[in-house]
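The values are calculated or read from the model by the stated rules, or taken from the named source; none is laboratory data. Quick caveat, the model's predicted, so the values are computed rather than measured. Neighbour counts are summed over all protein chains in view; Cβ atoms, including those assigned to glycine, are modelled from backbone coordinates with ideal geometry. These area figures cover heavy atoms from the full protein model, side chains too; ligands, DNA and RNA do not enter into them. Shrake-Rupley method; radii C 1.70, N 1.55, O 1.52, S 1.80 Å.
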Amino acid sequence: MYSRILTLLKIDPETARKYGPGLGVGLAILFLVLFFYSGGKSDAKYTRVEEEKEKGSTVSFKNFAKDQYDGNGTILWKLKAEEAYLYADEKRYVLYGINFDQYENGKFKSKLTGEKGEINQISKLMKLTGNILLKTEEHRTLRAKSLDYNDETKELSSNEEVVIDANGTHIRGVGLRADKDLNKFTILRPSAITQGGSNPLNSSSPKEK
């Protein structure tokens, strides 16, 4: 199986010698469950990172790209990262320079970008940090310094400052609870709300859309 994985993923001999038999296990895990494994067909390509930002990883990649399809060949998501690090024993992944597109029924739904992300396949949680921007098909946007995503509940959350623009409303505050498409969201401690040039902010209660 190890040799088949190397052949399938076109890993160079130097990488194979460096990481040994554990590479096959790590790549198999990555190939199957990266970003909470959605099932179906997949396509990935990558090359090894020479000067690694993260230490102790099972294997690392630069210019990582992976597309995920369902069993019918319909696109589910596209993930790109400038660098990706796999910790096979922990089933954990660290990504730098994230660009993630999500699709529904083959149609674009949202784009998420950020400086750094950590994915825990066991807890099914993803934590993003640094210049986070989420744009949805409905032209809603979210900007945040940090953002957590729970793949089981499909919910976004943050305990830091966030800014949301949706349906002509601009909301700034601290703390967020929202669904992944920003159809419903709550700013826990709003500090500014603008609707059509006015500010109807009531700081005694959170605002929900």
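Taking the conditions (1) β-branched (Val, Ile, Thr); (2) open to solvent by less than 30 Å² (accessible area, probe 1.4 Å); (3) at pLDDT 95 or above in turn, THR129 satisfies each one other than (2).
Listed here are the residues, each with its yes/no results for (1) under 11 Å from LEU176 (Cα atoms); (2) in contact with a Ser or Thr (Cβ under 9 Å, 6 or more places away or on another chain); (3) among the aliphatic types (A, V, I, L, M).
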site: ASN120; (1), (2), (3): no, no, no
site: LYS127; (1), (2), (3): no, yes, no
site: ILE132; (1), (2), (3): no, yes, yes
site: THR136; (1), (2), (3): no, yes, no
site: SER158; (1), (2), (3): yes, yes, no
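Among residues of the stretch 51-84 being in a strand (DSSP E or B) and open to solvent by 50 Å² or more (accessible area, probe 1.4 Å), the one that is nearest to SER110 (Cα to Cα) is LYS78.
Here the stretch 177-190 is the region considered, the condition is being crowded, with 16+ Cβ neighbours inside 10 Å and charged (D, E, K, R), and the residue that is farthest from the chain's Cα centre (by Cα) is ASP181. Tell me, please, whether a residue that is of a type in the set (Lys, Arg) and without any contact (Cβ under 8 Å) to a residue 40 or more places away in the chain can be found in the stretch 64-71. There is at least one residue in the stretch 64-71 that is of a type in the set (Lys, Arg) and without any contact (Cβ under 8 Å) to a residue 40 or more places away in the chain.
One line per residue, one yes/no per condition, for (1) surrounded by 18 or more Cβ atoms within 10 Å (Cβ to Cβ); (2) free of Cβ contacts under 8 Å to residues at least 24 places away in the same chain; (3) within 11 Å of the chain's Cα centre (by Cα); (4) within 15 Å of LYS55 (Cβ to Cβ):
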residue: LEU86; (1), (2), (3), (4): yes, no, no, yes
residue: TYR96; (1), (2), (3), (4): yes, no, yes, yes
residue: LYS107; (1), (2), (3), (4): no, no, no, no
residue: SER110; (1), (2), (3), (4): yes, no, no, no
residue: GLN121; (1), (2), (3), (4): yes, no, no, no
residue: LEU125; (1), (2), (3), (4): no, no, yes, no
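Taking the criterion of being modelled with pLDDT under 70 and polar (S, T, N, Q), would at least one residue in the stretch 46-56 satisfy it? There is at least one residue in the stretch 46-56 that is modelled with pLDDT under 70 and polar (S, T, N, Q). Only one of the numbered conditions (1) surrounded by fewer than 15 Cβ atoms within 10 Å (Cβ to Cβ); (2) closer than 30 Å to PHE61 by Cβ; (3) at pLDDT 95 or above is violated by VAL174, and that is (2).
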